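Below: one structure, written as structure tokens.
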Amino acid sequence: MTIPSFDPLDPGTFGFWLRLGTAILCGGVVGLERQLRGKAAGIRTSILICLGTYLFVGLGASFAGDRVDPTRVLGQVVTGIGFLGGGVILSRGGALVGVTSAAVIWVLAALGSLIGLGY
């Protein structure tokens, strides 16, 4: 099945809503598991990470022109998510905690990027 044409700024298209729902579903499934285990980055955070990444990457991919490079948006998302993930890693009693949460944030951003690029 091919997904209909996509305009990230046009909520009147089916493709927009399909990808938006996919981002919410992916973030929600991962976040629900985290929420049930009482971990950081629960359902709301996971949905927002996946949804926000989808919107930014989709917006960047929608630009056209000779002097436009949509991969720059993707590069900045990766950098920003790295800082967000780094913020959840803490040292408690000589042990690192939050590494899995940081990895989850990284994967959620990757999922949002895939959706934003139309995969």
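The values are calculated or read from the model by the stated rules, or taken from the named source; none is laboratory data. Just so we're clear, the structure is a prediction, and the values are computed from it rather than from any experiment. Just so you know, the surface numbers come from the protein's heavy atoms only, side chains and all, with ligands and any DNA or RNA stripped out. Shrake-Rupley method; radii C 1.70, N 1.55, O 1.52, S 1.80 Å.
List the relative contact order of the chain as a percent without decimals, with contacts defined as Cα pairs under 8 Å and 6+ residues apart. Relative contact order for the chain comes out at 28 percent.
Ignoring ligands, DNA and RNA, what percent of the 1.4 Å accessible area of the chain is carbon and sulfur? Intermediate values should be presented prior to the final figure.
Details: 4920 of 7450 Å².
Ligands and nucleic acids excluded, carbon and sulfur reach 66 percent.
Helix 71-87 and the longest principal axis of the Cα set of the chain meet at an angle near 20°. Computed per residue of the chain from DSSP H runs no shorter than four, each worth -39500 (n - 2.57), the mean residue ellipticity at 222 nm is -22500 deg cm²/dmol.
Order Leu32, Leu108, Leu96 by their accessible area, 1.4 angstrom probe, all chains in place, largest first.
Values: Leu32 85, Leu108 0, Leu96 120 Å².
The residues order as Leu96, Leu32, Leu108, largest area first.
Measure nothing but the geometry: give the 0 to 90° angle between the long axis through the Cα atoms of 99-116 and the longest principal axis through the Cα atoms of the chain, rounded to 10°. Approximately 10 degrees, to the nearest ten. Once the Cα atoms are used to define both axes, helix 43-62 deviates from the longest principal axis of the chain by about 30 degrees.
Taking a probe of 1.4 Å, how large is the accessible area per residue of the chain, in Å²? Write down the numbers at each step before the final one.
Working: 7450 Å² over 119 residues.
On a per-residue basis, the chain sits at 63 Å².
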